[in-house]
């Protein structure tokens, strides 16, 4: 399967390399044009470098019905999806969740049940706010392994991918450029700043770029909120709940709002976009993942808004259950794209720096 | 059906520039494009840049490119076969086109890798001509221009010096409209292979058409039959040598082969027929179409060895590979003994010297006819590689005679409500030869003029 999608991407890349009209759109084409041949490793690297902005598809003179039948965004998306699945242990889980939104929904329901059982069995007789429903220690004993195990799986996958991709020597400048590229999503700017061709055929728009960044920064703020809260809990002896003007709340509420808006926006754009320019077989899994993130952020916000009402327990079950499912599914969902993308960007910067010296 | 002020026949760059200009000037405009939507845009779909005069660095263009230098470049390729007034008009106006294009949604990018020789003279479209066409269609539709795809015009009825009716097919029905003004921008006739064979000779059946299959010259022929004045040699087309395995139509840019200067080229009898190292490839690729067209069966074979494989832009189809000349001859279906002989004669005529792939290195054969005057290195290091070459037709020269206002000239007098733009009138300026990116310049300049004149006429 992998070899088939790589073979198709290679066929298309060879045509692109003889044409070169798309050079200015993104990082993929200069990387293509610096090569004469595309082995499997290179095709996989280029696939992970592609941000699926689709500019090259709408500009292409060789799309169907032309006999060359180019659809590079889809060809690379298929290879990319396949690489996340194949580099992650266990592959069977990876295949199931990447492709199926239903599987993600079922996993989330399972997460909710686990949390309900936990609350029912472990309960809590002390503590304020949500610690009154589930104690701090019970939460830690559930979430610490549910967070660390997936991180370990991801680390192993990325290490395997990085080694296989012969990424070369990494210099400081390459790391800075990689972070800046991810921070600004300049590969979704279309080369001219007007954005990509996603939700309305060949019209340029930055909406997807902004929605993605809202999601990314929202997620990072939520992560920062939890991290700061952990530090405050253990080192400053300041357990939750926290007032609005505290770091965990400021990070958490702003992050939650961004994440909520970003994921809702991405889901909406995904409905409008042409499915055939992405990994069509993974559409459900990708949509399921975006919606799961939406549930995580929306339920978190609801918990903040209605945490002191009778809805507390129900909201806590939904929020923690969704977070639980999200953590465990990280290695097997679209979440992987971020790690592979960073690795591909870093390899690309390494190559550029060595080309220019 | 709503009556439009202006009907534009064709849907490429010139047609769109005319439509946008006319719509911005307040006219209601109908575009009749014969191609279906995925193939809209005629040959503009395949273009990649436009040649632009400029006094100082502007947008993606470096240095300067003066009117005089531009005009001299044109004189060189056309051998003086141009209309100086129209040519200078196109050249001067090109500098106003660049900002106009940017303001109308076209994005530019720096000269592509492998095309540094054009960085000063040609502004490259980001994504190529199809993205330019897309931007123009989107804008035209937002200006209220109505576009009909798969609407080939079958006849333009002329009475005196007026167009009184345009007939076209649409969704299986024969339709007619009587607009106040008409702009023809529907290209040449190169996709009509019968016409090409009548004009050029039977060998044209072996030509490949590099661009759109929809430029069949229907309106061109229809109007010329009614006494409209023409320019350009009716028997000639512009052809370059391309990969012989290219599709019959629409192969576009990727079918070019840049390896001739590092090769020997033989015909089907395994004989060389022209100096492969005469000049750098950008200055010579255009003559090779004709050279190959004059060989038996209109086919050529490029032979290189492993030393040269990475000296040129990658080809879209992989070359034929063999470990020996005999094997290569067999795979290319060439007479093996003769190919051996041609190559050993060539190899023996090569001299020692410094090889430099990107400039005229003077590494020439001695005592060989025809000679190879640059980059002559023996073909001796296996594996050996071969490509077939065929003539690839880009456009035909026959077109409408126009004045500086893009007005078409009738049998007796200038037409009152008919203008032409783009390839269909380019013969006025390009009598022969071709200058990279000049077609888009002519299309943009005269498209805008035609749109302006037509919309002023209907006010």
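Just one of A:74, A:31, A:37, A:96 is touching a helix residue (DSSP H, G or I) at 6+ places or on another chain (Cβ under 8 Å), modelled with pLDDT under 95 and surrounded by fewer than 24 Cβ atoms within 10 Å (Cβ to Cβ); which is it?
Details: A:74 fails: modelled with pLDDT under 95; A:31 fails: modelled with pLDDT under 95; A:37 fails: touching a helix residue (DSSP H, G or I) at 6+ places or on another chain (Cβ under 8 Å).
Going through A:74, A:31, A:37, A:96 in turn, the sole match is A:96.
Sort out which residues of segment B:308-358 are within 14 Å of chain A (Cβ to nearest Cβ) and within 21 Å of residue B:115 (Cα to Cα), and write them in order of number.
Going through segment B:308-358, the residues within 14 Å of chain A (Cβ to nearest Cβ) turn out to be B:308-319, B:321.
Answer for segment B:308-358, where residues must be within 14 Å of chain A (Cβ to nearest Cβ) and within 21 Å of residue B:115 (Cα to Cα): B:308, B:309, B:310, B:311, B:312, B:313, B:314, B:315, B:316, B:317.
Are any residues in segment A:60-71 in contact with a helix residue (DSSP H, G or I) (Cβ under 6 Å, 6 or more places away or on another chain) and buried (at least 24 other Cβ atoms within 10 Å of the Cβ), and if so, which ones?
Within segment A:60-71, A:61 is the sole residue that qualifies.
If I ask for residues that are surrounded by 15 or more Cβ atoms within 10 Å (Cβ to Cβ) and touching a residue at least 24 places away in the same chain (Cβ under 8 Å), which ones from segment B:337-350 would you list?
B:339, B:342, B:343, B:346, B:347, B:349, B:350
Residues that are within 14 Å of another protein chain (Cβ to nearest Cβ) and in contact (Cβ under 8 Å) with a residue 60 or more places away in the chain: list the helices (runs of 4 or more DSSP H) wholly contained in segment A:1-114 that include at least 1 such residues.
Values: elements: A:2-19, A:28-33, A:40-49, A:55-59, A:72-86, A:91-99.
In segment A:1-114, the matching helices (runs of 4 or more DSSP H) lie at A:2-19, A:28-33, A:55-59, A:72-86.
Going by the structure shown, is residue B:331 within 33 Å of the chain's Cα centre (by Cα) and not assigned by TED's automatic domain parsing to the domain that holds residue B:269?
Numbers: within 33 Å of the chain's Cα centre (by Cα): yes; not assigned by TED's automatic domain parsing to the domain that holds residue B:269: no.
So residue B:331 does not fit the description; no.
Report whether or not residue B:435 is touching a residue at least 40 places away in the same chain (Cβ under 8 Å), within 15 Å of the chain's Cα centre (by Cα) and either over 12 Å from residue B:187 (Cα atoms) or assigned by TED's automatic domain parsing to the domain that holds residue B:103 (or both).
Working: touching a residue at least 40 places away in the same chain (Cβ under 8 Å): yes; within 15 Å of the chain's Cα centre (by Cα): yes; either over 12 Å from residue B:187 (Cα atoms) or assigned by TED's automatic domain parsing to the domain that holds residue B:103 (or both): yes.
It is true that residue B:435 is touching a residue at least 40 places away in the same chain (Cβ under 8 Å), within 15 Å of the chain's Cα centre (by Cα) and either over 12 Å from residue B:187 (Cα atoms) or assigned by TED's automatic domain parsing to the domain that holds residue B:103 (or both).
Does residue B:95 qualify as being in contact (Cβ under 8 Å) with a residue 24 or more places away in the chain, assigned by TED's automatic domain parsing to the domain that holds residue B:21 and within 23 Å of the chain's Cα centre (by Cα)?
Details: in contact (Cβ under 8 Å) with a residue 24 or more places away in the chain: yes; assigned by TED's automatic domain parsing to the domain that holds residue B:21: yes; within 23 Å of the chain's Cα centre (by Cα): yes.
The answer is yes for residue B:95.
Right, residue B:105: within 10 Å of another protein chain (Cβ to nearest Cβ), in a loop (DSSP other than H, G, I, E, B) and closer than 20 Å to residue B:256 by Cβ or not?
Details: within 10 Å of another protein chain (Cβ to nearest Cβ): yes; in a loop (DSSP other than H, G, I, E, B): yes; closer than 20 Å to residue B:256 by Cβ: no.
No; evaluated as a whole, the condition is false for this residue.
Confirm whether residue B:284 is touching a residue at least 12 places away in the same chain (Cβ under 8 Å) and surrounded by fewer than 21 Cβ atoms within 10 Å (Cβ to Cβ). Outline the logic, then answer.
Details: touching a residue at least 12 places away in the same chain (Cβ under 8 Å): yes; surrounded by fewer than 21 Cβ atoms within 10 Å (Cβ to Cβ): yes.
Spelling it out, residue B:284 is indeed touching a residue at least 12 places away in the same chain (Cβ under 8 Å) and surrounded by fewer than 21 Cβ atoms within 10 Å (Cβ to Cβ).
Give B:154, B:212 a once-over and let me know the one that is within 14 Å of chain A (Cβ to nearest Cβ) and either farther than 28 Å from residue A:202 by Cβ or surrounded by 19 or more Cβ atoms within 10 Å (Cβ to Cβ) (or both).
Values: B:154 fails: within 14 Å of chain A (Cβ to nearest Cβ).
Going through B:154, B:212 in turn, the sole match is B:212.
Looking only at residues that are in contact with a helix residue (DSSP H, G or I) (Cβ under 7 Å, 6 or more places away or on another chain) and without any contact (Cβ under 8 Å) to a residue 24 or more places away in the chain in segment B:165-203, which one is surrounded by the most Cβ atoms within 10 Å (Cβ to Cβ)?
The initial filter retains those residues of segment B:165-203 that are in contact with a helix residue (DSSP H, G or I) (Cβ under 7 Å, 6 or more places away or on another chain), namely B:180-181, B:183-190, B:193, B:196-197, B:203.
With the extra rule that they be without any contact (Cβ under 8 Å) to a residue 24 or more places away in the chain, the set shrinks to B:193, B:197.
On the way: B:193: 18, B:197: 15.
Among those residues, the one meeting the criterion is B:193.
Just name the residue that is nearest to residue A:331 (Cα to Cα) out of those in segment A:268-303 that are assigned to a loop (DSSP other than H, G, I, E, B) and within 17 Å of the chain's Cα centre (by Cα). Explain how you work it out, then say what you get.
Restricting attention to segment A:268-303, the residues satisfying the condition of being assigned to a loop (DSSP other than H, G, I, E, B) are A:273-274, A:278-279.
Filter again for within 17 Å of the chain's Cα centre (by Cα), leaving A:278-279.
Details: A:278: 20, A:279: 18 Å.
Here the answer is A:279.
Could you check, for segment B:116-128, whether at least one of its residues is in contact with a helix residue (DSSP H, G or I) (Cβ under 8 Å, 6 or more places away or on another chain), within 14 Å of chain A (Cβ to nearest Cβ) and over 29 Å from residue B:314 (Cβ atoms)?
No, segment B:116-128 has no match at all.
Restricting to segment B:205-222, count the residues that are at pLDDT 95 or above, assigned to a helix (DSSP H, G or I) and either within 17 Å of residue B:245 (Cα to Cα) or in contact with a strand residue (DSSP E or B) (Cβ under 6 Å, 6 or more places away or on another chain) (or both).
Qualifying residue count, segment B:205-222: 2.
Within the set of pairs 6+ apart or on separate chains, which have a first residue in segment A:181-205 that is closer than 19 Å to residue A:344 by Cβ and within 12 Å of chain B (Cβ to nearest Cβ), a second that is part of a helix (DSSP H, G or I) and at pLDDT below 95, and C-beta atoms under 8 Å apart?
Nothing qualifies.
Quick one: which strands (runs of 3 or more DSSP E) lie wholly within segment B:109-204 and hold at least 3 residues that are touching a strand residue (DSSP E or B) at 6+ places or on another chain (Cβ under 8 Å) and over 30 Å from residue B:312 (Cα atoms)? Before you say what the answer is, go through the steps one by one.
Numbers: elements: B:122-125, B:146-148, B:153-159, B:162-170, B:173-177, B:181-184.
Ranges flagged: B:146-148, B:153-159, B:162-170, B:173-177, B:181-184.
Listed here are the residues, each with its yes/no results for (1) assigned to a loop (DSSP other than H, G, I, E, B); (2) under 23 Å from residue B:362 (Cα atoms); (3) within 14 Å of chain A (Cβ to nearest Cβ).
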position: B:249; (1), (2), (3): yes, no, yes
position: B:254; (1), (2), (3): no, no, yes
position: B:265; (1), (2), (3): no, yes, no
position: B:270; (1), (2), (3): yes, no, no
position: B:274; (1), (2), (3): yes, yes, no
position: B:277; (1), (2), (3): yes, yes, no
position: B:282; (1), (2), (3): no, yes, no
position: B:291; (1), (2), (3): no, yes, no
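If we scan segment A:171-191, do we find a residue that is part of a loop (DSSP other than H, G, I, E, B), more than 18 Å from the chain's Cα centre (by Cα) and within 27 Å of residue A:296 (Cα to Cα)?
Within segment A:171-191 (the criterion being part of a loop (DSSP other than H, G, I, E, B), more than 18 Å from the chain's Cα centre (by Cα) and within 27 Å of residue A:296 (Cα to Cα)), the answer is no, since none of the residues qualifies.
Name every residue in segment A:234-253 that is touching a helix residue (DSSP H, G or I) at 6+ places or on another chain (Cβ under 9 Å) and either surrounded by fewer than 16 Cβ atoms within 10 Å (Cβ to Cβ) or not in a helix (DSSP H, G or I) (or both), in order of residue number. It would help to see each step written out before you state the result.
Our first condition is that a residue be touching a helix residue (DSSP H, G or I) at 6+ places or on another chain (Cβ under 9 Å); within segment A:234-253, this holds for A:238-244, A:246-253.
Matches in segment A:234-253: A:238, A:239, A:240, A:241, A:242, A:243, A:244, A:246, A:247.
The values are calculated or read from the model by the stated rules, or taken from the named source; none is laboratory data. Owing to the predicted nature of the structure, the values given are computational and were not obtained by experimental measurement. Glycine gets a Cβ as well: all are built from the backbone with ideal geometry, and neighbour counts include every protein chain shown.
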